[in-house]
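Heads up, the thing below is written out as structure tokens.
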Amino acid sequence: MTLPPGVLSECYRLRWRIEQTFDQPEQKLDERKAWGKSNTAKTSQAIVLCRAHNLRQLFNATRKTEAAIADTKVITAYHKDLDRRVAKAKAAGRAFPRALYQARYRPTELSLQFLRWLRYHLLRATCYGSALALLRLLMEQYL
């Protein structure tokens, strides 16, 4: 009970990001059922889901750094949320450390549009360059 409220709030926020990561396979990848009832089947499914998550995150990082394609929907939603939080803090007579939150910005969720694009081009024999060009176009028009 000796922690300041901001520290406690930050711990909860970090925990919530972990929850979102585990929620993505169920909500966005339609992975709702266990593959089997045995421990081996459940372990195999967990390993495959973790590897799929890591590969998505790796490709997402490559998309941002090498191809310079920004997921504008996720970024816009983040800034709208920050604006809402600043207004709420101001209405309560408190200051909101917007610069701190922007410096620590690291979105956990991937947009459904990106996941659909990735799934589509992984299942088809698509040239990487043309797939990236299509992704760039999709991300620009998504607003």
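The values are calculated or read from the model by the stated rules, or taken from the named source; none is laboratory data. Please read all numbers here as calculations on a predicted model, not as lab measurements. Virtual Cβ from ideal backbone geometry, glycine too; neighbours counted across all protein chains shown.
A few notes on this one:
- Test: residue in the range 46-69 that is touching a residue at least 40 places away in the same chain (Cβ under 8 Å) and exposed (fewer than 11 other Cβ atoms within 10 Å of the Cβ): no
- Residue within the range 90-107 that is surrounded by 13 or more Cβ atoms within 10 Å (Cβ to Cβ) and over 30 Å from V7 (Cβ atoms) present: no
- Count - residues of the range 70-92 that are in contact (Cβ under 8 Å) with a residue 40 or more places away in the chain, charged (D, E, K, R) and in a helix (DSSP H, G or I): 1
- L58 hydrophobic (A, V, I, L, M, F, W, C) and at pLDDT below 80: no
- Taken together, the residues in the range 10-45 that are more than 19 Å from the chain's Cα centre (by Cα) and either surrounded by 11 or more Cβ atoms within 10 Å (Cβ to Cβ) or modelled with pLDDT of 80 or more (or both) amount to 12.
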